[in-house]
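Contents: one structure, followed by commentary.
The values are calculated or read from the model by the stated rules, or taken from the named source; none is laboratory data. Fair warning: this is a prediction, and the values are worked out from it, not measured in the lab. Backbone-built Cβ (ideal geometry, glycine too); neighbour counts: all protein chains shown.
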């Protein structure tokens, strides 16, 4: 029994001794590795040899002052962020202006003629006396005023006869002569040879005529007087002048000569 116990204790010692040697060797290896790392570490820039890091104990009062300073610095930054950035002002766009277009000429329809202000005033019927007074009464008054002047003034129209209602009939003076196309449209189919047609019309505003009536024609039965009467709405005739004044509403005689050629 004693020998068995001795053998067991001997084995335990040998085992412990081996383990202790292994642990000691491991510690030595770790120490050597630590030394190698210290010698192989690179030097930091700006840090002198032997410099050490010093720690400070910051008190509560210093931390509050630092916090207030940081808040004071952050306040303008937040205000600047919250305010909208001013947008750049764009200059007004300048577009090239086109040159003004030329004024187109005024084209009047057929039968309408341009009139000056003086001509329009002279053709105003409202300023003329009534039919009972014009043109006979007006002519009489002018002749009375003329006295020794003989009742006529230079430029007065000549009396060519009597109108259908008995008033003086004056020879017409054209404001614009009718065209061949205006007359040929109403040419009588009975006309075989050249001739003429005579009508009497009352002058109206803007040099027109109205109330036209047939007075005569040559040759008889040719229908030329009717041709003149039908085309008369296109005629432009000056009112007769009596005493130096234009008498709109007075009667005028209009004669149209027709020349018929046979090809």
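Selection over the stretch 157-178 of residues that are surrounded by 13 or more Cβ atoms within 10 Å (Cβ to Cβ) and under 44 Å from the mean Cα position of the chain (by Cα) gives a count of 3. Residues in the stretch 209-235 that are farther than 13 Å from residue 177 by Cα, within 45 Å of the chain's Cα centre (by Cα) and buried (at least 18 other Cβ atoms within 10 Å of the Cβ): 209 only. Listed conditions (1) in contact with a strand residue (DSSP E or B) (Cβ under 9 Å, 6 or more places away or on another chain); (2) on the phi > 0 side of the Ramachandran plot are all met by residue 215, apart from (2). Note on the stretch 179-201: among residues that are closer than 12 Å to residue 235 by Cβ and at pLDDT 95 or above, the one that is surrounded by the most Cβ atoms within 10 Å (Cβ to Cβ) is 199.
Against the definition (more than 20 Å from residue 248 (Cβ to Cβ), exposed (fewer than 12 other Cβ atoms within 10 Å of the Cβ) and either in contact with a helix residue (DSSP H, G or I) (Cβ under 8 Å, 6 or more places away or on another chain) or modelled with pLDDT under 55 (or both)), how does residue 151 come out, yes or no?
Spelling it out, it is not the case that residue 151 is more than 20 Å from residue 248 (Cβ to Cβ), exposed (fewer than 12 other Cβ atoms within 10 Å of the Cβ) and either in contact with a helix residue (DSSP H, G or I) (Cβ under 8 Å, 6 or more places away or on another chain) or modelled with pLDDT under 55 (or both).
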